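Bear in mind these aren't lab numbers, they're just calculated from the coordinates by the rules spelled out. Keep in mind that this is a model prediction, so the values were computed, not measured. Positions of Cβ are backbone-derived with ideal geometry, glycine not excepted, and every protein chain shown enters the neighbour counts.
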Amino acid sequence: MLSSILQGTEAGGFIVIQDTVKYSGRGILKCFINAALKRGENVHVVGFETCETEVRAGLDSSCVEKFHFHEGHPDPLGWSCRSSFTVEQFTTEDITLLVQKAQHAKASVLVVDSLSFVLRHHQPVVVCQRLQELRKGGVIKTIIGLLHSDLHQQGVVGSMCHLASAVISVAPACNENCGVAKTTRRTKSGKVMQEEEYFNVSEDATLSVQTRPHQPGHVQTEQYVAEPDPASNLTFNLRLSNEEKKAREKVALPFVFSQEKKSALLKPSPGSGRIMYEPDANDDFDEEDPDDDLDV
């Protein structure tokens, strides 16, 4: 799944690369940039946490004319006017104008490095609204954002992930040099797919997806864990022995009548009362129409 998202992102998609202090997602972010450049797409990177030299390192040199870096790292707040793009300019109008200046026939890819820095200076609801407007604006094909999930509250991270069409959560692999990517993808029909894969990022910003590494000498076996017995520590017994079960079956239930009791109840006894009815002359009873006397 990770390779399919990397090579063929859908138009109007929003991809969130979610990392923590334990494992950085900037390496896989560069793989997305490099793959978009090789497809001939224009890539606009808004860099608040890294410089242009660091992002360019390892990218395909034949596609540098399609790479546009908007420097925000030296002065992200615009205090000394040393940055070409500040966090206050993270608006739908400014980003659209920025992309249109270098836009060609195809829509561009917008990379935000990182969304965590933007969320520190804008309300989450405002960021979500602007990202949604950029997705539907027409000038941007795909938005890729790096999110440091351990810097925000769970509700903020959930809002970003709910808006995204794909969420890639990266973490270190146990005793391995590669990383683990847990990918959640939501299709346009509403279907949600999840997959966990191992990956490795090379120096030329190429992503190689691997299967689960085999650890020699370690065989994982399933252990059977017995469920606790809720009746083991009770002061009374909830179970019956065989003798007690036989005695219970011999007890007559109060609502079950024996044959003798049925005969005694159904047999008429002497002096029992009866109701006798004799019709008189005023009774007009028609056997063919018993309801003839009713006014219907």
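Observations
- Whole-Hz couplings from phi, Karplus 6.51/-1.76/1.60, listed for region 140-154; x for Gly and Pro: 10, 7, 9, 10, 10, x, 9, 10, 8, 5, 7, 9, 10, 6, 4
- Between region 81-101 and region 1-48, the Cα center-to-center distance that results, in Å: 20
- Förster-model FRET efficiency, 51 Å R0, MET276 and ASN233, C-beta, rounded to 0.05: 0.15
- DSSP-assigned coil residues among trypsin sites (Lys or Arg not before Pro) in region 63-145, each with at most 13 further Cβ atoms within 10 Å: ARG82, LYS106
- Order of CYS128, CYS174 - criterion: other Cβ atoms within 10 Å of each residue's Cβ, fewest first: CYS174, CYS128
- Here LYS38 is the anchor, and the lysines within straight C-alpha reach of less than 16 Å, apart from those fewer than 8 places off in the same chain, are LYS30, LYS66, LYS106, LYS141.
- Whole-angstrom gap from region 183-199 to region 116-145, using each part's C-alpha centre: 21
- Counting only DSSP beta bridges with both residues in region 2-210, the antiparallel share comes to about 45 percent.
- With the gyration tensor restricted to C-alpha atoms of region 2-210, the semi-axes of the equivalent ellipsoid amount to 24, 20, 18 Å, longest first.
- Straightening the chain between ALA264 and SER189 buys 19.8 nm, computed as 0.36 nm per residue apart minus the Cα-Cα spacing.
- Förster radius 35 Å - calculated FRET efficiency between THR91 and SER208 (Cβ-Cβ, nearest 0.05): 0.40
- GLU133-ARG248 pseudo-label distance in nm [points 7 Å out on the Cα-to-Cβ vector]: 7.1
- Working note: Karplus 6.51/-1.76/1.60 with θ = phi - 60° gives region 59-74 the couplings 6, 5, 5, 7, 10, 5, 6, 9, 9, 10, 10, 10, 5, x, 5, x Hz, where Gly and Pro are set to x.
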